[in-house]
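Here's the structure, in structure tokens; my notes come after.
The values are calculated or read from the model by the stated rules, or taken from the named source; none is laboratory data. Owing to the predicted nature of the structure, the values given are computational and were not obtained by experimental measurement. Counting neighbours? That spans all protein chains shown, and the Cβs are built from the backbone with ideal geometry, glycine included. SASA here: full protein model, heavy atoms, side chains in, ligands and nucleic acids out. Shrake-Rupley method; radii C 1.70, N 1.55, O 1.52, S 1.80 Å.
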2 protein chains.
Amino acid sequence: MRETETSDHLIATTASAYAYPLLVKQLLVNSLSVCADQEITYRGEQRYTFTGFRRRVGLLANALASRGVRAGSTVAVMDWDTHRYLESYFAIPMMGATIFTVNVRISAQQIAYTLNDAGAEVLIVNSDFLPIVEAIWPELKTVREVIVASDDDTRPAASLPITGEYEQLLATASADFAFEDFDENTRAAIFYTTGTTGDPKGVYYSHRQIVLHALATATTLCSPRTGQRLHRDDVYMPITPMFHVLAWGMPYIAVMLGLKIVLPGRYLPDLLLRLKQTERVTFSHCVPTVLQMLLDASAREQHDLSGWTMIIGGSALSPTLCRAALERGIDVFAGYGMSETGPIAALSQFAPDAEQAGIDESVRKRCMTGRPVPMVELRVVDDEMNDVRRDGQAQGEIVLRSPYLTQGYHNRPEASEALWAGGYLHTQDVAVMLPNGCVQIVDRMKDVIKTGGEWVSSIEIEALINAMQGVEESAVIGVRDERWGERPQALIVLRPQAVLEAQQVRAHLLGHADSKRISRYAVPEVERVIFVSDIPKTSVGKIDKKLLRQRFE
Amino acid sequence: MRETETSDHLIATTASAYAYPLLVKQLLVNSLSVCADQEITYRGEQRYTFTGFRRRVGLLANALASRGVRAGSTVAVMDWDTHRYLESYFAIPMMGATIFTVNVRISAQQIAYTLNDAGAEVLIVNSDFLPIVEAIWPELKTVREVIVASDDDTRPAASLPITGEYEQLLATASADFAFEDFDENTRAAIFYTTGTTGDPKGVYYSHRQIVLHALATATTLCSPRTGQRLHRDDVYMPITPMFHVLAWGMPYIAVMLGLKIVLPGRYLPDLLLRLKQTERVTFSHCVPTVLQMLLDASAREQHDLSGWTMIIGGSALSPTLCRAALERGIDVFAGYGMSETGPIAALSQFAPDAEQAGIDESVRKRCMTGRPVPMVELRVVDDEMNDVRRDGQAQGEIVLRSPYLTQGYHNRPEASEALWAGGYLHTQDVAVMLPNGCVQIVDRMKDVIKTGGEWVSSIEIEALINAMQGVEESAVIGVRDERWGERPQALIVLRPQAVLEAQQVRAHLLGHADSKRISRYAVPEVERVIFVSDIPKTSVGKIDKKLLRQRFE
């Protein structure tokens, strides 16, 4: 009854009215009108206007159509950050097809798995990645067309059935392609997230979600009075690969706002720094290790890095790195999100007056996980989905609602339901919330120690132990305990010649419990402080806590 | 076949996933989290936080529910710009009901017509407007509840069956109201546009449209590097009435961004200027006459107007007024839209370097009709819907597509189809477009003169005639002509003692045709230049061209 009533209250629409579905193509319409002459350049070597870009999007669509791509097809792309990738970001979804941005850094086996899982029919591949494709070719079950792309337009020797070269296909195509309207919930993009265990899982976004991410994120990025912001005169260069969560959706925002776009190809520090200078780049985003790499390279070459705004994501922005970047004139700040979240869920922008509180306060704020962007409902909840206290102490999991979260994992119904348990997307990130709504991640869900009804951050205890003289490194895990559920267990590697006893470690941590820095529950018993010769690591160099938990089970 | 195919390509959604409909309530969620202590003040006399605001939205919803308001109900509001109005902007749509913002400046008869046409069931009325409601009460067919609101919470003497007082109803209500999700295409608001002829026509917006207007407009307003912009530290005060096109949607944007909001009640120039000072207002919007009023009042009182950003809409921003405001330190610029368009379709923001070109260039740019905001497709087209040349000369009608245009007129199928003929919303505004996509309105469609296949702006010829010595005012209309379709006819009122002949007027205009300022078609023949003693005006003081056309038919 109620539902019938509600459906009567929808707005009436006249037959000729245009309903305006939110489609990727709509991000282009306005820019083509008011920024037609804006530039897009690939490494400063090739250069065309937005009008030229639109023309090539039409050429690409016709070229793909001639290779059998239709609405519903999946087209995989393996490329560096090229103008071709930007063309693919638009042409493929605008045809009603899905762009699959292949992560070229995972193993060849995983690439093969993802291509099969996504059902990719056509593969656009940079000639640099042909050896990978050749290696996995016998395993590919759905790819029927391979289009090779290279900067010099040559067809490299390859054992594959290459069905076309990118530029040659475009050269013989028409620029005229009628991009029709369709349902805004049509799938536009898919890519894979690689956890520490199991097969990669496909995450996907609709046209509506890409457009809403662009609008909400642009609003947030543009809205600060000064600092940590994007504006219409910025020159944008991605330094998060375009295969990685759609380069944080930023290319779509740059096109919507009509910004000059600089595509750097493969990330070579010297080239990136040169492009920063020659193309006057002012806005980028990257992971901490790339920022460190840029700082190192620029220190050697004395590059001027001032006037560069940079969002740091992927992993936490450390105060040390933040300070080093600030000292070089980079307006650096943290962003938060994951493959599943569009990705941008929070940004550590802050009110300009905080800047006057000095560099320590500025660094502290820039390194926060951030404050949620408009339209994002970000909660920090306990096991029963109750909000934890906003006191910067109480820990809980970050759960989200926003208009642009993946609605599941591709063909993984159980994982999809786990992701969305209770109607909120579970990030598996454990955080504290400040009274002002800012969040700070303290741990991953699987690493947090649940003891006596409290959540204890393993990372925080490790940091306190690591600060003790003589400690080389440490790892803290939760081990099962009948009375408390779990108890923290500390593994410590000492420096050569260092002498330290378990009792001293416990006393040190108890001191921090007295000063309320940590809970008393967080302090391991003396017998749970163990000295070891080394701590096992994963392939990417992180402490392998899964292995440690198994070992101490 | 094609359609079936497409529907197969929608994103898959897991059962527990939250789809996130775009609802007015979502504009509040994030602000309540990150700006909970932000202030909302009514005239500086009452003051509460965003948390307090949300509480009162809950109280109002329960109060209205107790008076029978349900999803689908229409609640009319007649009020000045009060905190109550802002509460109504949220509580009423969030219940699934429609807020009808009554234009209190039209005639009592028209108000009665609109209340009946909209089917308003409940009327919230400021006690100042009770006399109007008393006068039209016998004619009202659908209103069954009258809730009176006054600043001093007293129930004024009235012959109406008043069923409640705003504050008393809130005082006895619970703040707990579960605002459910519903279809984002549910109607949220309705109001009436009053043309020069016929009955007022109802224009309506869905939740989705209000949210998308907020996101797209906020993006535009926030995105300039400096100048003509909105930012997160702005203090917002509407000076376009909240009954007028939802105060340009700005209150929704202010809430979404968590801005401090100052509600000035009835517009009294001295109060507005005092609030600007005491509440540190930095962002407003108004019509040209209100800006003039503020400049006049501030000149008397020596108010400081610097640091005030102001969008001017409703009618054209004249260079004289623009310059006067700039000289007082107001960052003034034009906005373009109509009741039917959400409203904001274009803004005359420009790149900061234009500012360096001097005040004349700055004034010229600020007074342009503007450049379309992202997601808005703005075309200037001829009779066959072909785009006119982008040369600043060729004239055509502005037609629009955007995600937030009214999908019709309430219960007016024919007018709705005319509005949307050919799938674009027809603005009836005649404009020229510059190569950079900026538009400048030159006339209203019904006043433009179509002669020899060209469109001639009546306003432009009038301006050229008015610039001649001895001319008091002039009016130019199109009169039927067998050969040319129409020809311009000029009516001129001379100043006392002035002497001017038709031949001189023609020669003057031909000079402007020679310099390409106007087309030769725009120059009336000598016999079509007529001197008159006065020009008829409409009730709002505009030249009554409809009457003139009838007279010269």
Check your understanding: For the stretch A:339-350, does any single residue satisfy the condition of being under 30 Å from residue A:455 (Cβ atoms), in contact with a strand residue (DSSP E or B) (Cβ under 7 Å, 6 or more places away or on another chain), part of a strand (DSSP E or B) and hydroxyl-bearing (Ser, Thr, Tyr)?
Key -> no
Point to revise | residue A:513 in contact with a Lys or Arg (Cβ under 6 Å, 6 or more places away or on another chain) and hydrophobic (A, V, I, L, M, F, W, C) | key: yes
Check your understanding: Which condition does residue A:24 not pass, out of (1) crowded, with 21+ Cβ neighbours inside 10 Å; (2) of a type outside the set (Gly, Ala, Ser); (3) out of contact with any Asp or Glu (no Cβ under 8 Å at 6 or more places or on another chain); (4) assigned by TED's automatic domain parsing to the domain that holds residue A:176, if it passes all the others?
Key -> (4)
**Study point:** Candidates A:411, A:466 - the one that is polar (S, T, N, Q) and farther than 22 Å from residue A:318 by Cα
**Key:** A:411
Check your understanding: Would a scan of the stretch B:353-360 turn up a residue that is closer than 26 Å to residue B:281 by Cβ, touching a Ser or Thr at 6+ places or on another chain (Cβ under 6 Å) and surrounded by 19 or more Cβ atoms within 10 Å (Cβ to Cβ)?
Key -> no
Practice item. Identify all residues within the stretch A:462-499 that are farther than 21 Å from residue A:520 by Cα, of a type in the set (A, V, I, L, M, F, W, C) and part of a loop (DSSP other than H, G, I, E, B); write none if there are none. Key: A:498, A:499
**Study point:** Residues satisfying the stated conditions in the stretch A:173-210, i.e. free of Cβ contacts under 8 Å to residues at least 60 places away in the same chain, more than 10 Å from every other protein chain (Cβ to nearest Cβ) and open to solvent by 50 Å² or more (accessible area, probe 1.4 Å)
**Key:** A:178, A:198
Check your understanding: Of all residues in the stretch B:451-491 being small (Gly, Ala, Ser) and in contact (Cβ under 8 Å) with a residue 60 or more places away in the chain, which is most open to solvent (accessible area, probe 1.4 Å)?
Key -> B:452
Point to revise | Considering residues of the stretch A:199-208 that are touching a strand residue (DSSP E or B) at 6+ places or on another chain (Cβ under 8 Å) and either outside any strand (DSSP E or B) or farther than 30 Å from residue A:105 by Cα (or both) only, the residue modelled with the lowest pLDDT | key: A:200
**Study point:** Matching residues, the stretch A:143-171, being open to solvent by 20 Å² or more (accessible area, probe 1.4 Å), without any contact (Cβ under 8 Å) to a residue 60 or more places away in the chain and hydroxyl-bearing (Ser, Thr, Tyr)
**Key:** A:154, A:159
Review point. In the stretch B:430-444, which residues are part of a loop (DSSP other than H, G, I, E, B) and either open to solvent by less than 30 Å² (accessible area, probe 1.4 Å) or facing chain A (nearest Cβ under 9 Å) (or both)?
Key: B:435, B:436, B:437, B:438
Check your understanding: Based on what the data block shows, is residue A:409 touching a helix residue (DSSP H, G or I) at 6+ places or on another chain (Cβ under 8 Å) and farther than 21 Å from residue A:223 by Cα?
Key -> yes
Review point. In the stretch A:412-429, which residues are in contact (Cβ under 8 Å) with a residue 60 or more places away in the chain and within 8 Å of chain B (Cβ to nearest Cβ)?
Key: A:419, A:425
Review point. Which residue pairs have Cβ atoms closer than 9 Å, lie 6 or more positions apart in sequence or on different chains, and pair a first residue in the stretch B:333-349 that is closer than 11 Å to residue B:314 by Cβ and outside the structural domain of residue B:200 (by TED's automatic domain parsing) with a second residue that is among the acidic types (Asp, Glu) and surrounded by fewer than 24 Cβ atoms within 10 Å (Cβ to Cβ)?
Key: B:336/B:429; B:338/B:429
Practice item. Only one of these is of a type outside the set (S, T, N, Q), closer than 30 Å to residue A:403 by Cα, in contact with a strand residue (DSSP E or B) (Cβ under 9 Å, 6 or more places away or on another chain) and away from every other protein chain (no Cβ under 14 Å): B:216, B:254, B:247. Name it. Key: B:247
Exercise for review: Kindly indicate whether any position in the stretch B:187-198 is part of a strand (DSSP E or B) and under 26 Å from residue B:38 (Cβ atoms).
Suggested key: yes
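For (1) within 13 Å of another protein chain (Cβ to nearest Cβ); (2) open to solvent by 20 Å² or more (accessible area, probe 1.4 Å); (3) in a strand (DSSP E or B); (4) touching a Pro at 6+ places or on another chain (Cβ under 9 Å), each residue gets a yes or a no:
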| position | (1), (2), (3), (4) |
| --- | --- |
| B:379 | yes, yes, yes, no |
| B:384 | no, yes, no, no |
| B:390 | yes, yes, no, yes |
| B:399 | yes, no, yes, no |
| B:406 | yes, no, no, no |
Review point. Would you say residue A:74 is surrounded by 21 or more Cβ atoms within 10 Å (Cβ to Cβ) and closer than 26 Å to residue A:261 by Cβ?
Key: yes
Check your understanding: Do we have residue A:384 as without any contact (Cβ under 8 Å) to a residue 12 or more places away in the chain and closer than 27 Å to residue A:212 by Cβ here?
Key -> no
Exercise for review: Name the residue, out of A:534, A:447, that is surrounded by fewer than 16 Cβ atoms within 10 Å (Cβ to Cβ) and in a loop (DSSP other than H, G, I, E, B).
Suggested key: A:534
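Anything in the stretch A:351-368 that is within 13 Å of another protein chain (Cβ to nearest Cβ) and assigned to a loop (DSSP other than H, G, I, E, B)? List them, or say none.
Of everything in the stretch A:351-368, those that are within 13 Å of another protein chain (Cβ to nearest Cβ) and assigned to a loop (DSSP other than H, G, I, E, B) turn out to be A:351, A:368.
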Check your understanding: Does residue A:520 meet the test of being open to solvent by 60 Å² or more (accessible area, probe 1.4 Å), closer than 18 Å to residue A:432 by Cβ and touching a helix residue (DSSP H, G or I) at 6+ places or on another chain (Cβ under 7 Å)?
Key -> yes
Exercise for review: State which residue is nearest to the chain's Cα centre (by Cα) when the search covers only the stretch A:522-541 and only residues that are closer than 19 Å to residue A:552 by Cβ and modelled with pLDDT under 90.
Suggested key: A:538
Revision key, fill the gap. If we take the stretch A:38-119, then strands (runs of 3 or more DSSP E) inside it with 3 or more residues that are modelled with pLDDT of 95 or more and more than 14 Å from chain B (Cβ to nearest Cβ) are A:39-42, A:46-49, A:74-78
